[in-house]
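Inspection log for the structure reproduced underneath, given as structure tokens.
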Amino acid sequence: MVKDIFIPKLGMTMEEATIAEWLAKDGDKVETGQLILVIDTEKVAHEVESPISGYLLILAAPGDVHPCGAVVGKLAETMEELAVLRKSDLTVEVKEIGESEPSTDPSTAKGSSSTAPEKINDKKDGRINIAPVAKRLAEQHQVDYSGLTGSGPGGRIVKKDIEELINAQSAAAQRSETAALPSEKNSKDVDVVAAPPKETADAILKNESIRVKKIIPLRGMRKTIAQRMHSSTTAAARVSVLTESDMSEMIPLRKYFNEKLSGTGVKITFTDMLILIVAKVLKSVPIINSSLVDDQIKVWEDINIGFAAAVSIGENEHGLMVPVIKNADQKGLVEISRARKELTDKARQGKLSPDEMSGSTFTITNTGPIYSEWHLQTPIINQPESAILGTSVIVERPVVKKGEIVIGSIMPMSLSFDHRVMDGVPISQFFAKLNEMIQDPRMLML
């Protein structure tokens, strides 16, 4: 019997995924339930298990982007079936999710395989057939892909094609710069001094005086985070505004809520209260609840607030997920608290679906629980949003109230925003409204 390994559809919004890593080699014997593949979506890394025991045939390489339902590998129960599959010249084919399995007779494998896709980039309605992740990469590096023939299904331009184009253009630019330098023999007016070559990573690793304690592969969740953080810093014109807010009224209010909710299983956190407050503030300053998409600033009607949740990947490895509370402005504090706790638990158990991490319009990240000293942060914007609020630990500090110096419970805050979308005026309006509600929580009733 031959079994397909395909890109699963993990959520309603998921359309495609990138092959991040094969955890077994082509031809390896794998067991039922063994992890064999890691795929990256825009929000999360997902591990795929082997549906049966058998021998692995890999059809798609790491870095390839394929739609949901694409058969990226096969499992043969016997070495004989694997040998027949290898002779069949199989390629990646896309099936509808839920489509019946292909013939289990390896003798018919060749007939059931799809032919290699024609490498013609089909432009539908004037639009180029390009994967979203490839398009973002091209825009970040400002490369023209209009004449590029993709290597994906149907000539679709995938991430690997853009990376090759970037490398080719970079190499061409270096050759041009080298050719433009005056030669040692012909130049009389310019002294060219060759700079010593920089020490490469390989050279550093070969240096026996530098000891390596551990090598951690950049893959899965960590690789997804790295790519998204780097993409955000190159895509947005990020500016961070730092301030403080007095939480002296919020602390007893939270205590009062939790006393009233004793025995219900609900425990209100400051993050819950801030999500509720921020949702109200975003209704007052809607430009902050927006995204820049294809030269259009889209101000969102829905207010979906993401919150950063730290998770443990393994020894000495940690990751970050951003679950999303949809329509936070339409929820009460208890409903927000229950949703946040449920999503946080799922994140730490690795059970979040892409839908539960998609669709955020604004994000809050709180570093207070992980560092107890006074500090500020300059968070990176969670693309394609336009702003992110960073909060930290509440500390006691002297403040002036009604002309007197008293001890206040101060929480540092920072807002990183995309200067392409907004200027300082809406930011000042945001903080003014936010501080008003924090320092006088009765405003929440209005």
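The values are calculated or read from the model by the stated rules, or taken from the named source; none is laboratory data. Everything quoted here is computed from the prediction, not taken from an experiment. With ideal geometry, Cβ positions are generated from the backbone for all residues, glycine too; neighbour counts draw on all protein chains shown. Heads up: the accessible areas ignore ligands, DNA and RNA and are worked out on the full protein's heavy atoms, side chains in. Shrake-Rupley method; radii C 1.70, N 1.55, O 1.52, S 1.80 Å.
Below is a table of values for the structure above.
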quantity	calculated
Options Ile277, Ile287, Ile305; residue that is modelled with pLDDT of 95 or more and under 19 Å from Arg228 (Cβ atoms)	Ile305
From the options Ala24, Ala17, Ala60, Ala83, residue that is in a helix (DSSP H, G or I) and either out of contact with any Lys or Arg (no Cβ under 8 Å at 6 or more places or on another chain) or free of Cβ contacts under 8 Å to residues at least 40 places away in the same chain (or both)	Ala83
Among residues of the range 43-57, those that are open to solvent by 10 Å² or more (accessible area, probe 1.4 Å), in a strand (DSSP E or B) and not aromatic (Phe, Trp, Tyr), counted	6
From the options Ile364, Ile405, residue that is among the β-branched types (Val, Ile, Thr), at pLDDT below 95 and not in a helix (DSSP H, G or I)	Ile405
Condition check for Ile277: closer than 25 Å to Met437 by Cα and open to solvent by less than 20 Å² (accessible area, probe 1.4 Å)	yes
Residue in the range 298-309 that is surrounded by 13 or more Cβ atoms within 10 Å (Cβ to Cβ), over 23 Å from Gln429 (Cα atoms) and without any contact (Cβ under 8 Å) to a residue 40 or more places away in the chain present	yes
Residues of the range 286-297 that turn out to be touching a residue at least 12 places away in the same chain (Cβ under 8 Å) and either touching a Gly at 6+ places or on another chain (Cβ under 9 Å) or open to solvent by 10 Å² or more (accessible area, probe 1.4 Å) (or both), as a count	5
Failed criterion for Leu415 (all others in (1) surrounded by fewer than 12 Cβ atoms within 10 Å (Cβ to Cβ); (2) within 22 Å of the chain's Cα centre (by Cα) hold)	(1)
Residue count, the range 420-434 (criterion: open to solvent by less than 30 Å² (accessible area, probe 1.4 Å) and more than 10 Å from Ile277 (Cα to Cα))	6
Considering residues of the range 252-274 that are over 19 Å from Thr365 (Cα atoms) and of a type in the set (A, V, I, L, M, F, W, C) only, the residue most open to solvent (accessible area, probe 1.4 Å)	Phe257
Residue in the range 364-375 that is in contact (Cβ under 8 Å) with a residue 60 or more places away in the chain and of a type in the set (A, V, I, L, M, F, W, C) present	yes
Conditions (1) more than 25 Å from Pro426 (Cβ to Cβ); (2) of a type outside the set (A, V, I, L, M, F, W, C); (3) open to solvent by 70 Å² or more (accessible area, probe 1.4 Å); number of the one not met by Glu244	(1)
Looking only at the range 329-361, and only at residues there that are among the aliphatic types (A, V, I, L, M) and at pLDDT 90 or above, the one that is most open to solvent (accessible area, probe 1.4 Å)	Val334
Number of positions in the range 378-396 that are under 12 Å from Leu242 (Cβ atoms), open to solvent by less than 30 Å² (accessible area, probe 1.4 Å) and in a loop (DSSP other than H, G, I, E, B)	2
Residue within the range 237-246 that is free of Cβ contacts under 8 Å to residues at least 60 places away in the same chain, more than 21 Å from Glu385 (Cβ to Cβ) and not aromatic (Phe, Trp, Tyr) present	no
